[in-house]
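Input: a single structure, listed below in structure tokens.
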Amino acid sequence: MGLTRLSIGRPLTMLMIILGLVVLGYRSLNELPVDRYPAVDFPFVSVVTVFPGAGPEDVEDLVVKPIEDAVAGIPGIDQLLSISQEGVGVVVVAFEEGIDGNQAAIEVERQVATVGGQLPAEAFDPSIIKADINAFPIMEIILSGPQGQDALSQVASNEIKPRLQTIQGVAAVSISGGRESEIHIEADPSKLAAFGIPLEVVQQALVLNNLTFPAGSIEEGRQNTSVRSVGEFTSLEDIENVVVAGGPSPFGAGSPSMPGQDSGGLVFVRDVATVGEGFEDQSQALRYNGEDAVNISIIKTSDANAIEMADSVHTMIEELGQELPPGAEMTIVFDDSEFTRDSVDAVQEDLILAVLVTGLVMLVFLHTVRSTFIVLLAIPTSLIATFLVMWIAGFSLNVLTLLALTLTIGILVDDSVVVIENIERHLKMKKKPKQAALDGRRQIGLAAITIALVDVAIYVPVAFTSGIIGQFFRSYGITIATAVLFSLFVSFTLTTMLASLCMKDESQPESKPRGLRKVFGFLLWPVDKVWKGFIALWNWGFGLLTSFYAATIRFVLRNFLTQSLAVLVAAAAVALGIYMVISGVVGTEVFPQEDDAKFTVNIEMPAGTNLEATDQAAQEAEYIILEQVPETVSILTRVGSGGSGAASFFGGGGTANTATIVVQ
């Protein structure tokens, strides 16, 4: 009762407290990140190692088994899964529930580092990937144009990628399609034979002349300057001028002269090989609507606002579009923030509609605009104050938290409706508004507390459900419980305060309308008549419903037979519901099915199929899709990456015999 007495006796003080909660809640709302799903810590860590040119058996023996042996001793492992494909090996470590995924990833990385020296020299360094629902690309951009795929790849790497990485919230930018530039040194076998120089000598000479290493330091007075020997190649001429034979041996004094070497001349790289710029061998192909293109994928940070980051990327794309080479253009083919934005907007619309419908229903039942307005204030006040707790708890605005806020709309007015109804009853007992508010709150307070705590007792355990599902519903349960507790606080403070100030004093005779009140009464006289007629009709219909309900209750309670019939009907309904779940009529799934207007076609050719044959199969699939699916807007094809196996999900790259077609 202390809060109620304070709100009635010191309304300005309580108003400032509530306004403070509303202001802090609104500020917290602007700071909350917006995402599609809540942050979930999946206890899965995958180790991906690329071994170019190796078959599945070699990958398993030389890469996968050493890594499995290294990570097998980590405590808390539930399952260990390995996948060996041509050129790539994946080891998936599944930990038990309750294991910190970040700490598990660090431990896996530490153990894999201990066997790094045992892996083949040709294999790339293992990549440690922690499963994260929000770590997948949030946006994919296609760069196309007449310049060719390789040239566009250079534009994407040198100009577009650095600019996109400067956007706040962008964690990584990856580029696929096109080939990396490299230096090609093509030795002439006939010239090498004429000079009597083995190819290995040329390789060693290039390695020894392309070194930069520290060479000590020089002390001069009070200065100590570090010295480095800079010998890395900076131009094609540097490579062409490397001496491979003749004169002082590049391999140190005392080394024997090469057979056939001219004792007075030098043999340079340019004498036995051709040096030029080129591109690496093609390992994948990427097309957009049948034309070669370059794909740019953007991954956001875990705490970034997906919608704000996407808006910044759109702005950056508009700026970059003016700086691209003639004919080149950037097209956004996938934007997950659009789905997130649509989901958030849909839930917000439902939120507003729920408030309006709730207000209409309360107006019909309470019959007065004043009571309806007082009760409706509990909804935005409680919701906005809830944002403060969500921000403190580190939650985000996602599908589940917004769903929780929508579900609480009807719950939030329960306490205020109970309190305002009882206050109206005391007003009709000719009590002063302040006394009626105090007595009405005192009489119904325990019931209001019970209503709120029942809801809290239901939803708080949901927040502490174990496992991955529990992580999804943690923010859901706490959000509902917090909103309910705030609604209880508002019903004891704001509702009683406004009732004491705004409700009609039934203890005083009604005064005749004067001034503006008289003018508005005259203007709104037709509305008042229509409203009173509707209320009379509503009460008549409600009376019929009440009579029907009373008749049903009398029939059920008439004798033992009717009571048994009611119990049997209820038991049959419960049994039918359980049967529908157990039999699979009502399915179960982690996520509901969502239609984002696109589908994916995975192609896997027999092992050993080269890139050209797989590309040909992908082109045939593209033709079939265009012929059979006239609604197709765009087709994005990746050949040499993707596949339908677990390797692609946990970060494993595809091989030359796999392709993926995304149709929108």
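The values are calculated or read from the model by the stated rules, or taken from the named source; none is laboratory data. As the structure is a computational prediction, the values presented were derived from the model and not from experiment. No Cβ is skipped: glycine too gets one built from the backbone with ideal geometry, and neighbour counts run over all protein chains shown. The area values use the complete protein model at the heavy-atom level, side chains included, leaving out ligands, DNA and RNA. Shrake-Rupley method; radii C 1.70, N 1.55, O 1.52, S 1.80 Å.
Does the range 535-560 hold any residues that are open to solvent by 80 Å² or more (accessible area, probe 1.4 Å) and either at pLDDT below 85 or farther than 28 Å from Leu363 by Cα (or both), and which are they? Outline the logic, then answer.
Taking the range 535-560 as the starting set, the residues that turn out to be open to solvent by 80 Å² or more (accessible area, probe 1.4 Å) are 537-538, 540, 542, 544-545, 548-549, 554-555, 557-558, 560.
Result: Arg554, Phe555, Leu557, Arg558, Phe560.
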Sort through Leu3, Leu32 and tell me the only one that's more than 30 Å from Ile468 (Cβ to Cβ) and either touching a residue at least 24 places away in the same chain (Cβ under 8 Å) or in contact with a helix residue (DSSP H, G or I) (Cβ under 7 Å, 6 or more places away or on another chain) (or both). Leu3
Give the range 320-333 a look and list any residue that's in contact (Cβ under 8 Å) with a residue 60 or more places away in the chain and open to solvent by less than 50 Å² (accessible area, probe 1.4 Å), or say none. Leu320, Leu324, Pro325, Ala328, Met330, Thr331, Val333
Could you tell me how many of the residues in the range 192-218 are open to solvent by 90 Å² or more (accessible area, probe 1.4 Å) and in contact with a strand residue (DSSP E or B) (Cβ under 8 Å, 6 or more places away or on another chain)? 3
Check the range 105-117 and report whether any residue there is touching a residue at least 40 places away in the same chain (Cβ under 8 Å), within 28 Å of the chain's Cα centre (by Cα) and either surrounded by fewer than 19 Cβ atoms within 10 Å (Cβ to Cβ) or not in a helix (DSSP H, G or I) (or both). no
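With Val173, Val202 as the choices, which residue is among the aliphatic types (A, V, I, L, M) and part of a helix (DSSP H, G or I)?
Values: Val173 fails: part of a helix (DSSP H, G or I).
None of the other options fit; the residue is Val202.
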Does any residue of the range 573-595 turn out to be of a type in the set (Gly, Ala, Ser), assigned to a helix (DSSP H, G or I) and surrounded by fewer than 11 Cβ atoms within 10 Å (Cβ to Cβ)? yes
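Within the bounds of the range 294-301, is there any residue that is out of contact with any helix residue (DSSP H, G or I) (no Cβ under 7 Å at 6 or more places or on another chain) and open to solvent by 80 Å² or more (accessible area, probe 1.4 Å)? Outline the logic, then answer.
If we filter the range 294-301 for residues that are out of contact with any helix residue (DSSP H, G or I) (no Cβ under 7 Å at 6 or more places or on another chain), which is where we start, we get 295, 297, 299, 301.
Within this subset, residues satisfying the condition of being open to solvent by 80 Å² or more (accessible area, probe 1.4 Å) are none.
No: zero hits.
Looking at the range 118-131, which of its residues are assigned to a loop (DSSP other than H, G, I, E, B), touching a strand residue (DSSP E or B) at 6+ places or on another chain (Cβ under 9 Å) and open to solvent by 50 Å² or more (accessible area, probe 1.4 Å)?
Step one: list which residues in the range 118-131 are assigned to a loop (DSSP other than H, G, I, E, B), which gives 119-126, 131.
In the following step, the residues that additionally are touching a strand residue (DSSP E or B) at 6+ places or on another chain (Cβ under 9 Å) were identified as 119, 123-126, 131.
Across the range 118-131, the qualifying residues are Phe124, Asp125.
Would you kindly identify the helices (runs of 4 or more DSSP H) lying entirely within the range 361-443 that contain at least 1 residues that are of a type in the set (Val, Ile, Thr), within 28 Å of Ala536 (Cα to Cα) and open to solvent by 30 Å² or more (accessible area, probe 1.4 Å)? Even if it seems obvious, please write down each step before you answer.
Details: elements: 369-376, 378-393, 399-427.
Passing ranges, in order: 369-376, 399-427.
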Suppose the filter is outside any helix (DSSP H, G or I), in contact (Cβ under 8 Å) with a residue 40 or more places away in the chain, open to solvent by 50 Å² or more (accessible area, probe 1.4 Å) and among the charged types (D, E, K, R); does Arg228 pass it? no
Restricting attention to the range 81-101, which residues are under 15 Å from Ile129 (Cα atoms), open to solvent by 60 Å² or more (accessible area, probe 1.4 Å) and touching a strand residue (DSSP E or B) at 6+ places or on another chain (Cβ under 7 Å)? Leu81
Return yes when Gln223 is surrounded by 12 or more Cβ atoms within 10 Å (Cβ to Cβ) and farther than 30 Å from Ile138 by Cα and no when it is not. no
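Any chance the range 69-84 includes a residue that's in a strand (DSSP E or B) and more than 29 Å from the chain's Cα centre (by Cα)?
Narrowing the range 69-84 to residues in a strand (DSSP E or B): 77-84.
If we keep only those that are more than 29 Å from the chain's Cα centre (by Cα) as well, we get 84.
Scanning the range 69-84, I find at least one residue that is in a strand (DSSP E or B) and more than 29 Å from the chain's Cα centre (by Cα), so the answer is yes.
Report, by residue number, each residue of the range 334-352 that is polar (S, T, N, Q) and open to solvent by less than 60 Å² (accessible area, probe 1.4 Å).
The answer is Ser337, Thr340, Ser343.
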For the range 153-170, what are the residues that are touching a Leu at 6+ places or on another chain (Cβ under 9 Å) and assigned to a helix (DSSP H, G or I)? Ser153, Val155, Ala156, Glu159, Ile160, Arg163, Leu164
For the range 39-68, which positions are crowded, with 20+ Cβ neighbours inside 10 Å and part of a loop (DSSP other than H, G, I, E, B)? Pro43, Phe51, Ala54
